[in-house]
Amino acid sequence: SYSSYGSGAATWQERLEEKCREAQLHPPVFQIMSDRRGGRTAWSSTVTVQGQNIAARFWYDGQHVHNAKEDAAEVALKHLVGSNPSSPQQSRS
């Protein structure tokens with residue numbers, strides 16, 4: 001469950017930044033990308049955390065490009081939490 005991050009008002013980007021601070025990782029770096037689709041442009045985002053480039057799941061209209069960053073942050077946070085179990089005795093081989 002990801003509800004243990006305190007205030008529900010925090011954005012996924014804020015939660016990801018906080019998780020990186022806690023884990024003493026470099027802050028996440030977001031990159032916006034666009035793709036011309038017919039007469040419109042679709043927007044998405046990637047975020048780099050721990051040297052890994054993690055892509056948002058969806059493409060968005062230009063006026064909702066902030067959602068692309070939120071989407072990428074959510075995917076990255078879930079990845080980070082899933083790949084870093086809090087029990088220190090567990091080792092990854």
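Descriptive notes on the structure:
- Computed from label points 7 Å out along Cα-Cβ, the spacing between Gln63 and Glu22 is 3.6 nm.
- Computed E for Met33/Ala10 - FRET, C-beta separation, R0 22 angstrom, nearest 0.05: 0.30
- Charge dipole (debye, nearest 20) of segment 12-82; +1 at Cβ of Lys and Arg, -1 at Cβ of Asp and Glu: 240
Bear in mind that the values in this text are calculations on the coordinates, not laboratory data. Just so you know, these numbers come straight off a predicted model, no measurement behind them. Methodologically, a virtual Cβ is constructed for each residue, glycine included, from the backbone with ideal geometry; neighbour enumeration extends over all protein chains shown.
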